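Right, one structure below, let's go through it.
The values are calculated or read from the model by the stated rules, or taken from the named source; none is laboratory data. Bear in mind the structure is a predicted one, so any value in this text is a computation, not a measurement. As a convention, Cβ positions derive from the backbone with ideal geometry for all residues, glycine included, and neighbour counts pool all protein chains shown. Keep in mind that these areas ignore ligands, DNA and RNA; they rest on the heavy atoms of the full protein, side chains included. Shrake-Rupley method; radii C 1.70, N 1.55, O 1.52, S 1.80 Å.
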Amino acid sequence: MSELVLQVKDLKVSFSTVDGVVQAVNGISFDVRKGQTLGIVGESGSGKSVTASAIMGLINRNSADMSGSILLGGLDVLTAQEREIRALRGREAAMVFQDPMSALNPYYTVGKQIAEAYEVHHPNSSKKERQLVALDMLAKVGLPKPSECIDEYPHQFSGGMRQRIVIAIALVNNPRLLIADEPTTALDVTVQAQILELMMSLQQEFGSAIILITHDLGVVAEVADEVMVMYAGQTMESSKVQTLFDAPSHPYTRGLLGSVRSLDNSERGALHTIAGNPPSMISLPGGCPFHPRCEFAASMNGLCSSVQPTLRVLPTTGSESACHLNDDQLLSLGRGVIHD
Amino acid sequence: MIAYLTRRILFAGVLLLAVSLFTFLVFALLPTDPAALTCGKVCTPERIEANRTRLGYDQPLLTQYGKFLKGIVGGRTYGEGQGEFTCGAPSLGYSFSQKDCVTSLIARTLPVTGSIAIGGFVLWMIFGIGLGMVSALKRGRWPDRLISIVSVVGLSFPTFFLALLLLFIFVIWSQFLPFPSYVSPTEDFFGWCQALLLPWLTITIISSPYYIRLTRFGMLETMNEDYVRLGIAKGLKRWTVLRKYVLRSALIPIVTVAGLDFGATLGGAVFTESIFSLPGMGRLSIKAVSDSDLPVLVGTTLVAATFIVLFNLLTDIFYGFVDPRVRIHK
Amino acid sequence: MTSPVVLEAKNLVKYFPTVSKGLLQRSTDSVKAVDGVSVQVRAGQTLGVVGESGCGKSTLARLLMRLLPPTSGTVLLDGADITSLTGRELRAVRAKIQMVFQDPVASLNPRHSVGQIIGTPLKFLKENSASGAKEHVQELMALVGLNPEHYNRYPHEFSGGQRQRIGIARALAVGPQVIVADEPVSALDVSIQAQVLNLMEKLQRDLGLSYVFIAHDLSVVRHIADEIIVMYLGKVVESGTPKDVYSAPSHPYTQALLSAIPLADPRAAGTHKRMVLTGDVPSPIDPPSGCRFRTRCPRAQDLCALEEPALIDRGQGHPVACHFPG
Ligand SMILES: Nc1ncnc2c1ncn2[C@@H]1O[C@H](COP(=O)(O)OP(=O)(O)OP(=O)(O)O)[C@@H](O)[C@H]1O
Ligand SMILES: Nc1ncnc2c1ncn2[C@@H]1O[C@H](COP(=O)(O)OP(=O)(O)O)[C@@H](O)[C@H]1O
Ligand code: SF4
Ligand code: SF4
Ligand SMILES: [Mg+2]
Ligand SMILES: [Mg+2]
């Protein structure tokens, strides 16, 4: 197996707010290896962005309670000094945000913003050198006429182009891990296709590992090797991408798969949906957090609402699943039938 | 950019003209007879009529306004023969009750009002923005709470009470400062500071809380922006992020407000000047009101309005320079 | 199968004059947001409108809603010309056409309770509704799958999908015939999108509503549309039934839109040859000559720059605006 880039163990993050304690992330663990793409999938509010921010050390320790460990570049991000984390940012891990419209500083040219990121890890570089690097990056992310773009301001670009610039900033120091937090959610499908293609080809070139966060399993199918499905700050299922689509091992995953629209599924007519809404992160349901929306919870004699299932490996598929259903039942989810 | 500037300047010019017409009309249409106000108790009908022709109040309104404008550009001569006298350009009229040209009256008050405004402005910006920054950076912790309590207390004092309180503490009780007066800064800079410290403090205490809040809000708002988070994620130092990413956008709206506030203060810090008996433009206006001295009222109103328009223009231009989104339309 | 036409637009054009950089702000350019679009919405059916950002979808929606005056062209409701109505007559029209917006956060006033939000259009558009308003609103809430007991709650207390349901209930309040939905699911999670789509289908069946449903993604309208138009830079480039558009897409732009949809099949991800469009939509101030799509079209030839292709059936069985359909 290739070398480990990131190791997250039992990460918990909670925020105290006026309404109560928001338990945003409740004990998730995962590894990311060199050259690999991990997809993190979940509905809005399931803790995906908080996980990403925690890895980058962007969560203010005064405003949040954090436990577990995040091993990145030989350090535990949760306990390291701010100075040490700063040295990791950009080089060990870099980030792409969801909304390209707000991710760039409106007051500086895009060239300056790329150069500035380069300077952090190349403090002795000359201005000329940084300028060349910025030009090179703009060309790599496919901006037409980089030599003109370099002196333009963010508002002069479309959303897709801005996202390319954000990616250029992220990759300028050749990071070992790229965290992309819903990089295409705010974009048109056509632009989404462009950006995903770009990320994949840059991954080939730079050899970075990628964490791709999304709410759309369709996007995951395009690019990910491994998938972690999150719900209410917990891992529901973790699988190889092919396995997840062939044999989803969790009722929640199956629900998500049902709502994916693709061209070969269905004509006009009702889509399969997951009933109800994601839970409030302030008062999580007891037992399995998914039980109020799970169609199988009723037949489990109250087990689901009282005991929280732990992740276990299904021997046949190698997937991990946190559900009280037995192995056979989980395996049959993909076929849409449940045997008692 | 040039086109933008020209457009703003032209607009400001038109605005000033409109303000002058408006001010002129408002006072001209008051139901009082302006000629009767020129001599007060010693008026005889003959004198009133004589003054009326001398000042041109007998002519149609539009002609009067035209003469008024012409006076601003080229000075104005009143009456003829023996009683002839001239107010040099820019002439804003003649005050009978003070027996002087309005322009010279205002010119005498300007250094005073200017001194109060400049010193007060510098102090309130330093305190407002400084404390606002501290507040934002220490949000929810004791410095933030302390600052917010102090500024609410400061804000809740009426100006005159605050000024009297400061007078009592610093002048009467501790005799730490002399009673405020006006000293020319070119002659005695230290004396100038000392003499005007209390008015400055008054204005600062009144104005800073607003700026503290504006700064705090602007910074907290900006700190939540994705681009600030991206700045941190790049690995930039905290101070760099603060300077290049947070302060810049948090301060831009403040500058706009500050420009207007400064312009308004230049038009006369009415309460402060009155309480500390400083001969500024605010006091001049107050006196004009109680004397029904219409020419002075028109003049001071116009000058105050000019300052506001001027500083509005300056902040607009400033905007164009610092915000590329204004400078470069796409 | 052909039900009567409820809402029709003929040759709609909307140019927004742009603020030019000249000294006196004399405007010479204009944004050609919608440039000669004709549509028909049939009773109880859904017209899907698809295209990338900036192609004029929202402008078309606002023209149909009579929220914007068209530069030229006509809008007909039930056969009557509503293009130049004003005042009371326009209000009567508004009661028949309602809108659902993209952004479930921005389109709801945060200081109004759900009850007020849903009830407000009633007050403006229908006179006698003071009594029974609350029950009516609560019926609507139940209809769109909200808990009627949440009548007094505020928008921030609801999730994105629920807020969109509030928006739908507000649109339904005055009993409209037509609902214009401008990207109603684009801001939602995929799983929640499915819920909202299903809800809208159900409401259409139960209430006989007609929809104009706008999306930037052909896979969204697939589940709901009876007719689809594909827009590019203010013009319709292809139109037809879902069967036409999905099984026999003939315009290269339609083909590119289809090809951009993620496949949701990891196995195919490596092998599938995607037709990725390069670049962005050109500026609508100065659209390319001839065929507007030619700057991004893989099939473009000399003719495309010279002559604008008309939207006609070229043997595909449905209208396509391309010289070289295929
Ligand atoms: N009030 C306006 N003034 C000037 N231009 C406008 C105005 N409204 C829209 N436009 C322009 O018209 C074009 C079409 O805009 P429209 O909002 O209809 O696009 P859209 O297809 O809905 O895009 P999106 O997917 O981003 O919502 C755009 O170039 C837009 O900038
Ligand atoms: N700084 C914060 N303070 C309080 N609550 C927060 C904060 N950041 C995130 N949360 C909450 O944590 C939960 C998970 O958020 P997030 O990770 O952003 O979800 P998503 O999966 O949509 O990215 C949400 O309920 C969110 O409201
Ligand atoms: S544990 Fe129970 S409620 Fe949770 S997913 Fe499994 S069956 Fe459903
Ligand atoms: S007309 Fe020409 S440029 Fe336009 S879509 Fe057809 S082939 Fe492409
Ligand atoms: Mg998120
Ligand atoms: Mg739109």
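Summary of computed values
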read-out	value
Failed item in (1) more than 9 Å from every other protein chain (Cβ to nearest Cβ); (2) under 22 Å from the mean Cα position of the chain (by Cα); (3) of a type outside the set (Lys, Arg), with C:Ala248 passing the rest	(2)
Odd one out for A:Val133, checked against (1) away from ligand 2 (no atom under 16 Å from the Cβ); (2) within 13 Å of another protein chain (Cβ to nearest Cβ); (3) among the β-branched types (Val, Ile, Thr)	(2)
C:Val174 being within 30 Å of A:Thr214 (Cβ to Cβ) and of a type in the set (Val, Ile, Thr)	no
Boolean, B:Ala250 is in contact with a strand residue (DSSP E or B) (Cβ under 7 Å, 6 or more places away or on another chain) and surrounded by 17 or more Cβ atoms within 10 Å (Cβ to Cβ)	no
Cβ pairs under 6 Å, 6+ apart, first in region C:69-97 and in a loop (DSSP other than H, G, I, E, B), second at pLDDT 90 or above and of a type in the set (Phe, Trp, Tyr)	C:Thr71/C:Tyr15
Test result for C:Pro282, surrounded by 16 or more Cβ atoms within 10 Å (Cβ to Cβ) and either within 25 Å of the chain's Cα centre (by Cα) or more than 16 Å from ligand 3 (Cβ to nearest atom) (or both)	yes
Yes/no for C:Leu199 being surrounded by fewer than 23 Cβ atoms within 10 Å (Cβ to Cβ), over 30 Å from C:Phe16 (Cα atoms) and either more than 13 Å from every other protein chain (Cβ to nearest Cβ) or within 14 Å of the chain's Cα centre (by Cα) (or both)	no
Every residue from region C:168-190 that is away from chain A (no Cβ under 11 Å) and among the acidic types (Asp, Glu)	C:Asp182
Residue ID - surrounded by the most Cβ atoms within 10 Å (Cβ to Cβ), chosen from residues in region A:247-261 that are under 20 Å from the mean Cα position of the chain (by Cα) and within 14 Å of C:Gln195 (Cα to Cα)	A:Leu256
Filtered residue count, region A:170-192, keeping only those that are away from ligand 1 (no atom under 16 Å from the Cβ) and outside any loop (DSSP other than H, G, I, E, B)	7
Test: residue in region A:100-109 that is in contact with a helix residue (DSSP H, G or I) (Cβ under 7 Å, 6 or more places away or on another chain), open to solvent by 50 Å² or more (accessible area, probe 1.4 Å) and assigned to a loop (DSSP other than H, G, I, E, B)	yes
1 or more residues out of contact with any Leu (no Cβ under 6 Å at 6 or more places or on another chain) and facing chain A (nearest Cβ under 9 Å): qualifying helices (runs of 4 or more DSSP H) within region C:252-306	C:252-260, C:266-271
Candidates C:Ala80, C:Ala43 - the one that is over 17 Å from the mean Cα position of the chain (by Cα) and either within 14 Å of chain A (Cβ to nearest Cβ) or away from ligand 3 (no atom under 16 Å from the Cβ) (or both)	C:Ala80
Count of region A:91-108 residues which are more than 16 Å from ligand 5 (Cβ to nearest atom) and facing chain B (nearest Cβ under 8 Å)	7
Qualifying residue in region A:210-218 (condition: within 16 Å of ligand 2 (Cβ to nearest atom), surrounded by fewer than 24 Cβ atoms within 10 Å (Cβ to Cβ) and more than 13 Å from the chain's Cα centre (by Cα))	no
Residue in region B:276-285 that is assigned to a helix (DSSP H, G or I), without any contact (Cβ under 8 Å) to a residue 12 or more places away in the chain and of a type in the set (Lys, Arg) present	no
Checklist (1) in a loop (DSSP other than H, G, I, E, B); (2) free of Cβ contacts under 8 Å to residues at least 40 places away in the same chain; (3) more than 14 Å from chain B (Cβ to nearest Cβ) applied to A:Ser46, failing item	(2)
Residue list for region A:41-57, filter: within 9 Å of ligand 5 (Cβ to nearest atom) and β-branched (Val, Ile, Thr)	A:Val50
Options A:Leu88, A:Leu72; residue that is within 27 Å of A:Arg33 (Cα to Cα), in contact (Cβ under 8 Å) with a residue 60 or more places away in the chain and more than 7 Å from every other protein chain (Cβ to nearest Cβ)	A:Leu72
Conditions (1) within 14 Å of chain A (Cβ to nearest Cβ); (2) assigned to a strand (DSSP E or B); (3) near ligand 1 (Cβ under 9 Å from one of its atoms): number failed by C:Val31	(1)
Search result, residues across region A:47-88 that are open to solvent by 20 Å² or more (accessible area, probe 1.4 Å), over 21 Å from B:Leu137 (Cα atoms) and charged (D, E, K, R)	A:Asp76, A:Glu84
Helices (runs of 4 or more DSSP H) (entirely within region B:132-238) containing at least 3 residues that are open to solvent by 30 Å² or more (accessible area, probe 1.4 Å), within 14 Å of chain A (Cβ to nearest Cβ) and closer than 26 Å to B:Ser115 by Cα	none
Residues (in a strand (DSSP E or B) and at pLDDT below 95) located in region A:76-88	none
Per-region count, region A:182-194, residues more than 9 Å from every other protein chain (Cβ to nearest Cβ) and crowded, with 24+ Cβ neighbours inside 10 Å	2
Residue check, C:Val75 modelled with pLDDT of 85 or more and within 19 Å of the chain's Cα centre (by Cα)	yes
Test: residue in region B:259-281 that is more than 30 Å from B:Ser95 (Cβ to Cβ) and either touching a Leu at 6+ places or on another chain (Cβ under 9 Å) or within 14 Å of chain A (Cβ to nearest Cβ) (or both)	yes
Odd one out for B:Glu84 among (1) among the charged types (D, E, K, R); (2) in contact with a Gly (Cβ under 9 Å, 6 or more places away or on another chain); (3) open to solvent by 80 Å² or more (accessible area, probe 1.4 Å)	(2)
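Residues are listed down the side, and each one gets a yes or a no for (1) within 16 Å of ligand 3 (Cβ to nearest atom); (2) open to solvent by 70 Å² or more (accessible area, probe 1.4 Å); (3) under 24 Å from the mean Cα position of the chain (by Cα):
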residue	(1), (2), (3)
C:Arg267	no, yes, no
C:Arg292	no, no, yes
C:Ile312	no, yes, yes
C:His318	no, no, yes
C:His323	no, no, no
